[in-house]
Amino acid sequence: MELSLSAEQSAILGALERLAKPYANAPINSRGFTLVSGELDRALEDGGFLDMAFEPELGALTAALVVAQLARLPYAAEVAASSLLRPLLGADVKRPVCAVEAGAPARPVRFLAPGATVIVLHRDRVTSFTAAAGDVCNIETIFAYPMAILVTEADHAAGAVAHDVPAATLRARWQVALAAEIAGLLDSAIGCTVTYVSERKQFGRPLGSFQGMRHRLAEATVRAGGARWLALMAADSGDPGDAALAAHFAQDAATGIVYDLHQFFGAMGVTLEHPLHLWTYRLKALLSELGGRSAQAADAADLIWGVGR
């Protein structure tokens, strides 16, 4: 895998950074845990930033780069599923897009809303349907994503369409999307923590000057970097084993890093006055997707080393 960006990828990410700049700073969000912008979503769609994987010369790798970069924003946008899952189904699939596993216990679904395309991952096939108002129960959560419960059983949804894509292929692409989004969230969560401990003083010294904290922040940074590179490697290779390993590493890394970051912040990290929760609470929502890290570990063991579940 080439570790440097191509000229085209650099140009795309530069344009994306300029587009997202007005949304880079998090206002104090007194309205709750979720921060979204319809204007940002429309700008991303109109600019074609969610269509990278439709272009063979850009592919899933460029799409994963876009997902990771946009996950750093304090505003939650439906990017991962549109960028990495939608291209497997076809350009006629309408946004927003969300994904669920058939037969899995009911859980809040990110970006589920009336009119959204719901991709259903079955054990042996992939279907999708357009969510109607009666399929959706809106709920408020602390997870900093707009979420709802799918009250209709995915196996019996009206108007479901079968897609000619293997279930294993969709699962692997979902794992890549999950790993890339976690990597971007970790990057911003660690970044705002470094700023905080550099400014907050204890015993007359910045918190970040204490050796124990510096070691833990360094470890968190290394693990977050590992999550990013494994996600990009999996996007580039298209290998299901790489995808399972990337998702497992990302979920496992996030579990420990989120705990440490909130320890560094103390009580401030769980208030709406500081934006840390916008990234760490989204990370908590992603920790259980696709069965959580134990399911990804089982996938990786099976796909890479041939160890059955």
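Each value in this text was obtained by applying a stated rule to the coordinates, not by laboratory testing. For clarity, every value in this text was computed on a predicted model and none was experimentally measured. Neighbour counts are summed over all protein chains in view; Cβ atoms, including those assigned to glycine, are modelled from backbone coordinates with ideal geometry.
Taking a ≥ b ≥ c as the square roots of the eigenvalues of the Cα gyration tensor of the stretch 1-134, is the shape rounded (a/c under 1.5), prolate (a/b larger than b/c) or oblate? Since a/c reaches 1.5 but b/c is at least a/b, the shape of the stretch 1-134 is classed as oblate.
Looking at the chain only, what percent of DSSP beta bridges run antiparallel? Nearest 5 please.
Numbers: 16 of 21 bridges.
In the chain, DSSP labels about 75 percent of beta bridges as antiparallel.
Remark on residue 136: its backbone amide H falls under 5 Å from those of 151, a criterion applied only to residues 5 or more positions apart or on other chains, H modelled at 1.01 Å from N. Rounded to whole numbers, the Karplus 3J(HN,Hα) couplings from phi for the stretch 245-252 are 5, 4, 5, 4, 4, 5, 5, 5 Hz, using 6.51 cos²θ - 1.76 cosθ + 1.60 with θ = phi - 60°, and x at Gly and Pro. Please state the shape class of the stretch 167-305: rounded when a/c is under 1.5, otherwise prolate if a/b exceeds b/c and oblate if not, all from the C-alpha gyration tensor. Prolate. Each of [x] 27, 37, 24, 11, 0; [y] 33, 59, 8, 0; [z] 36, 61, 3, 0 is a candidate for P(r) over Cα pairs in 20 Å bins from 0, in percent; the one calculated from this structure is [y].
Applying the Karplus relation 6.51 cos²θ - 1.76 cosθ + 1.60 with θ = phi - 60° to the stretch 118-127 yields 3J(HN,Hα) values of 9, 8, 10, 8, 8, 5, 10, 7, 10, 10 Hz, where x marks Gly and Pro.
How far, in nm, would the chain grow between residue 139 and residue 195 when pulled straight, counting 0.36 nm per residue and subtracting the alpha carbon separation?
On the way: separation 56, 0.36 × 56 = 20.16 nm, distance 3.31 nm.
Between residue 139 and residue 195, full extension yields an extra 16.9 nm.
Near residue 49, no amide H atom lies under 5 Å from its own; only residues 5 or more places off or on other chains count, and H is placed 1.01 Å from N.
Principal-axis analysis of the Cα atoms of the chain puts helix 7-20 at an angle of about 70° to the longest axis. Listed from fewest to most Cβ neighbours within 10 Å, the set 5, 261 follows the order 5, 261. Between 114, 275, 22, the Gaussian network model of the chain with springs among Cα atoms under 10 angstrom shows the greatest mean-square fluctuation at 22. Backbone phi angles across the stretch 231-244, fed through the Karplus curve with coefficients 6.51, -1.76 and 1.60 (θ = phi - 60°), yield HN-Hα couplings of 4, 5, 4, 5, 5, 6, 7, x, 7, x, x, 4, 5, 5 Hz in residue order; Gly and Pro are listed as x.
Rg and Dmax, both from the Cα atoms of the stretch 140-215 and both in Å, are 21.5, 64.
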